[in-house]
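Participant: I'd like to ask you about the structure that follows.
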Amino acid sequence: MKNRISTRKLIAMSMLAAISTLLMFLEMPIPFMPPFLKLDISAVPIMVGSFLFGPIEGVVMALLKSLIHLLSTQTAGVGELADFLITGSFALTAGLVYRIKHSRAGALISCVASIAVITIVGALANYFLLLPFYASAYMPYDAIIAACQAITPAITDIKGYILFGVVPFNLLKGTVVAIITFAVYKRLSGVFHRWMEASQPRKA
């Protein structure tokens, strides 16, 4: 019985990761924000999976999604690494908080905490890891700043990019993902739980 439940869990995780991968292609630019920052809701299925199965499973799904998307990367892998760091920290934080406080209020708290975490992680990762790598492998700093300044004049250096680009973008993205997740989770969790329970043998 445990093996059947584990198999269904893996199937469910794979399905959520696949849906998330498809949603990652449906991205859109945000007015008045740097052109490199595009909004998508691919983190929603990962968040649902993290609530359903746990924080580690959420990180695994985030990793699987980014690895699949890496096959069609247009950013030398930087976009996929950024997505994994943000989505993974989102799912990890949400799953941990929700495991401690498993209720509607806990889901709300976990979403708020996750938004704060991805904002901090996004800022630090861009400054110390993503931008240096992107600048060395794909586009120099001057070109990055020039492209950003054409849309957001306040961005004049890398710190400005973080402050006026990355931070508000992750706050917006986190809020959108959290609202959608909070709205759909309860309904989807019932479907998944019924499907998981269907793997258990019926009592005579």
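Participant: For the stretch 49-66, which residues satisfy the criterion of being open to solvent by 20 Å² or more (accessible area, probe 1.4 Å) and either more than 23 Å from ALA76 (Cα to Cα) or touching an Asp or Glu at 6+ places or on another chain (Cβ under 7 Å) (or both)?
Facilitator: LEU52, PHE53, ILE56, GLU57
Participant: Taking the conditions exactly as written (under 12 Å from the mean Cα position of the chain (by Cα), in a helix (DSSP H, G or I) and without any contact (Cβ under 8 Å) to a residue 24 or more places away in the chain), does SER66 satisfy them or not?
Facilitator: So SER66 passes the test.
Participant: Here's something else I'd like to know. Does ILE46 qualify as being of a type in the set (Val, Ile, Thr) and surrounded by fewer than 23 Cβ atoms within 10 Å (Cβ to Cβ)?
Facilitator: Here the answer is no, as ILE46 does not meet what is asked.
Participant: Can you give me the number of residues within the stretch 14-39 that are assigned to a helix (DSSP H, G or I) and over 14 Å from the mean Cα position of the chain (by Cα)?
Facilitator: Here the count works out to 2.
Participant: Now for a separate question. Which residue pairs have Cβ atoms under 6 Å apart, sit 6 or more places apart or on different chains, and have a first residue in the stretch 141-155 that is under 9 Å from PHE32 (Cα atoms) and a second that is open to solvent by 60 Å² or more (accessible area, probe 1.4 Å) and at pLDDT 90 or above?
Facilitator: THR152/PHE164
Participant: Within the stretch 69-82, count every residue that is among the aliphatic types (A, V, I, L, M), free of Cβ contacts under 8 Å to residues at least 24 places away in the same chain and assigned to a loop (DSSP other than H, G, I, E, B).
Facilitator: So the answer is 1.
Participant: If you don't mind, another one. So which helices (runs of 4 or more DSSP H) stay within the stretch 83-202 end to end and still have 2 or more residues that are open to solvent by 20 Å² or more (accessible area, probe 1.4 Å) and closer than 26 Å to ARG8 by Cα?
Facilitator: Per the criteria, 167-197.
Participant: Name the residues in the stretch 7-29 that are open to solvent by less than 60 Å² (accessible area, probe 1.4 Å) and within 22 Å of SER72 (Cβ to Cβ), would you?
Facilitator: Listed by number, the residues that qualify are MET13, LEU16, ALA17, ALA18, SER20, THR21, LEU23, MET24.
The values are calculated or read from the model by the stated rules, or taken from the named source; none is laboratory data. Everything numeric here is computed off the predicted structure, so don't read it as measured data. Every residue, glycine among them, receives a Cβ derived from its backbone with ideal geometry; neighbour counts consider all protein chains shown. Side chains are part of the model used for accessible areas, which takes the heavy atoms of the whole protein and leaves out ligands, DNA and RNA. Shrake-Rupley method; radii C 1.70, N 1.55, O 1.52, S 1.80 Å.
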